[in-house]
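The values are calculated or read from the model by the stated rules, or taken from the named source; none is laboratory data. The model shown is predicted, which means the values in this text are computed figures rather than measured ones. With ideal geometry, Cβ positions are generated from the backbone for all residues, glycine too; neighbour counts draw on all protein chains shown.
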């Protein structure tokens, strides 16, 4: 089988799914303004929301990350992918599974775990896909032609191992008959939090550790910082799940543990960020703003800092009282998964797509335009969610306000969210066009060459 | 800087990453229910056992995704207890033992609508019927004193549920928060007029 077929399949289908996920996001945002739009069961707001998060997480981001790593790992390890056939089989099974999962969500056959709504059968199929992915990752590392494992490889190995446990705990253990109530809640937040922290963070960081130095043509700033970042994050991230239940009906000590560890997260994050910025700072000037890739990587890193500083801040009990359960949290989650890690994934796709086809990116200019529109819409998009969260949080403190009055105060914010979301979607269309052209399109100079030879 | 030897070994890197993660994983998933029995055992408290009908209601609540707009936890905060209280009686904060019979927890993360942990008994079942059918137009009987309230509601209409389904769902909603028998005045009389 042709080399890199698996990477190519996964990258292309993830890009298409990204469009579906964004469309669902817009529809959900629209329903916040006009709840009577699409009033049928299969299009109801909660189902659209579940579909939006699941398609984003698994069909777009995770799939894009796996595809990109299928390409990156063999390059770092100076070898081929362990088994291209296994990779392609996994890609096909994974996409079919997710399509089945999407149908289940629309029909309301769901579990009650946020991010883990897909029913048990689908969960099991995803686990099978994940094992196939793991075999390929471990296999590729085992047949490597280099001695030392590069940072990106540590993070990928970590992600594969941690995710297995995190995913099974959240999706399968929570479904066991004796797991009820608060015990189940604790496990589902262990999953929700670590889905972001131990799946998407290490995979995103693994990609960035490869892409930043490669694209900027400079070595990574500090090996010591890489080590601190990795080993500290593998220890501290997993402890923080209970910070989703601060002030809630769960043991006070467990909340405190989660808060303390949320703060310790600053250590690995600053190590990673310093390393990335150090690399940017020492890179040749000409490479730093050359086309969309370094820009996306830089902006992703900036979003990564902000998300990771917000995390500990929100975990402070007094702050949590205001921000928790409001739109603020929605803004925070978007900045992590869309801001930081989707920006990294898009950078990776811009980097790899031309390599897969053996030619330049279709249009750097269009890539830049995509970057700017997406960045300039996402900043107000996040900000409006935080602002409306704070408005709502303070409005709830005053018992004079009825709940519906506190809701009326958010009308403008909800409109702004839809409008800025529309900007993000417009930028996505440019991204999609650029990537599809790179894979399948005809280039102006190629067309010329053909006419000349005729 | 000389690279440490662990970076040469697939096994050591993988094992190290696993072990160091496992410490926190065990401490936050397996240990808490061992230390705090109220995660799964209500002790001397009486916890409501759901009837067949209420269980059907729970299934509808889950499949309709009510949890994406409603939490079910009155947090240990004065603002929460006051807001979700009733007739100047503050709602008691939710406690872990109250949930032991919930096979599906609906604690939730987002309050697009109000918290429902103590909503059982707050309204008559007739009110819920009208509300599920159309939250923005509940008919003359349940008109809010100043119609502006209802116009701001963004709860979806659930008119596509069958009559039986709405009844099942309402039966479940009416159980919420009853494990602490708090909707009573000092003499034990129910506080809601329609329940007397």
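Among the candidates A:394, A:431, single out the residue that is away from chain B (no Cβ under 12 Å), part of a helix (DSSP H, G or I) and touching a residue at least 40 places away in the same chain (Cβ under 8 Å).
A:431
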Is it the case that segment A:147-164 has a residue that's closer than 29 Å to residue A:247 by Cβ, more than 7 Å from chain B (Cβ to nearest Cβ) and assigned to a helix (DSSP H, G or I)? no
Does at least one position in segment A:275-290 carry a residue that is crowded, with 22+ Cβ neighbours inside 10 Å and within 30 Å of residue B:23 (Cα to Cα)? yes
Picking from A:73, A:57, A:99, A:86, which residue would you name as being at pLDDT 95 or above and within 13 Å of chain B (Cβ to nearest Cβ)? A:73
Which listed residue is more than 8 Å from every other protein chain (Cβ to nearest Cβ), under 19 Å from the mean Cα position of the chain (by Cα) and without any contact (Cβ under 8 Å) to a residue 60 or more places away in the chain, from A:193, A:252: A:193
Which residue out of B:49, B:54 is within 22 Å of residue B:167 (Cα to Cα), more than 7 Å from chain A (Cβ to nearest Cβ) and assigned to a loop (DSSP other than H, G, I, E, B)? B:49
Looking across segment B:155-176 at residues that are within 12 Å of chain A (Cβ to nearest Cβ) and in a loop (DSSP other than H, G, I, E, B), the single one that is surrounded by the fewest Cβ atoms within 10 Å (Cβ to Cβ) is B:162
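Can you pull out the residues in segment B:31-46 that are surrounded by fewer than 18 Cβ atoms within 10 Å (Cβ to Cβ) and within 13 Å of chain A (Cβ to nearest Cβ)?
Listed by number, the residues that qualify are B:31, B:34, B:35, B:37, B:41, B:45.
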Among the candidates A:325, A:295, which residue alone is under 23 Å from the mean Cα position of the chain (by Cα), surrounded by 20 or more Cβ atoms within 10 Å (Cβ to Cβ) and not in a helix (DSSP H, G or I)? A:325
Go through segment B:94-113 residue by residue and tally those that are touching a helix residue (DSSP H, G or I) at 6+ places or on another chain (Cβ under 6 Å), more than 7 Å from chain A (Cβ to nearest Cβ) and part of a loop (DSSP other than H, G, I, E, B). 1
Out of segment B:115-141, which residues are within 17 Å of the chain's Cα centre (by Cα) and more than 24 Å from residue A:116 (Cα to Cα)? B:118, B:119, B:120, B:121, B:122, B:123, B:128
Condition (residue is free of Cβ contacts under 8 Å to residues at least 12 places away in the same chain and closer than 21 Å to residue A:399 by Cα) applied to segment B:101-122: is it met by at least one residue? no
Looking at segment A:234-243, which of the residues that are surrounded by 24 or more Cβ atoms within 10 Å (Cβ to Cβ) and without any contact (Cβ under 8 Å) to a residue 60 or more places away in the chain is nearest to the other protein chains (Cβ to nearest Cβ)? A:239
From the set of residues in segment B:138-154 that are touching a helix residue (DSSP H, G or I) at 6+ places or on another chain (Cβ under 7 Å) and within 14 Å of chain A (Cβ to nearest Cβ), which is modelled with the highest pLDDT? B:154
If I filter segment A:205-227 for residues that are within 23 Å of residue A:314 (Cβ to Cβ) and either in contact (Cβ under 8 Å) with a residue 12 or more places away in the chain or surrounded by 24 or more Cβ atoms within 10 Å (Cβ to Cβ) (or both), do I get at least one hit? yes
If you go through segment B:120-131 one residue at a time, do you hit one that is crowded, with 17+ Cβ neighbours inside 10 Å and within 11 Å of chain A (Cβ to nearest Cβ)? no
Looking at A:61, A:30, can you tell me which residue is under 19 Å from the mean Cα position of the chain (by Cα) and either in a helix (DSSP H, G or I) or touching a residue at least 40 places away in the same chain (Cβ under 8 Å) (or both)? A:61
Go through the residues of segment B:78-87 one by one and say whether even a single one is without any contact (Cβ under 8 Å) to a residue 24 or more places away in the chain, touching a helix residue (DSSP H, G or I) at 6+ places or on another chain (Cβ under 9 Å) and part of a loop (DSSP other than H, G, I, E, B). no
Would you please name the residue that is farthest from the other protein chains (Cβ to nearest Cβ), looking only at residues in segment B:78-93 that are within 17 Å of residue A:402 (Cβ to Cβ) and buried (at least 20 other Cβ atoms within 10 Å of the Cβ)? B:91
Taking segment A:33-58 on its own, how many of its residues are without any contact (Cβ under 8 Å) to a residue 12 or more places away in the chain and crowded, with 17+ Cβ neighbours inside 10 Å? 3
Given the criterion in contact (Cβ under 8 Å) with a residue 12 or more places away in the chain, crowded, with 18+ Cβ neighbours inside 10 Å, within 23 Å of the chain's Cα centre (by Cα) and over 30 Å from residue A:219 (Cβ atoms), identify the matching residue among A:135, A:166, A:153. A:166
Take the conditions away from chain B (no Cβ under 14 Å), touching a helix residue (DSSP H, G or I) at 6+ places or on another chain (Cβ under 6 Å) and part of a helix (DSSP H, G or I) and apply them to residue A:281. Does it pass? no
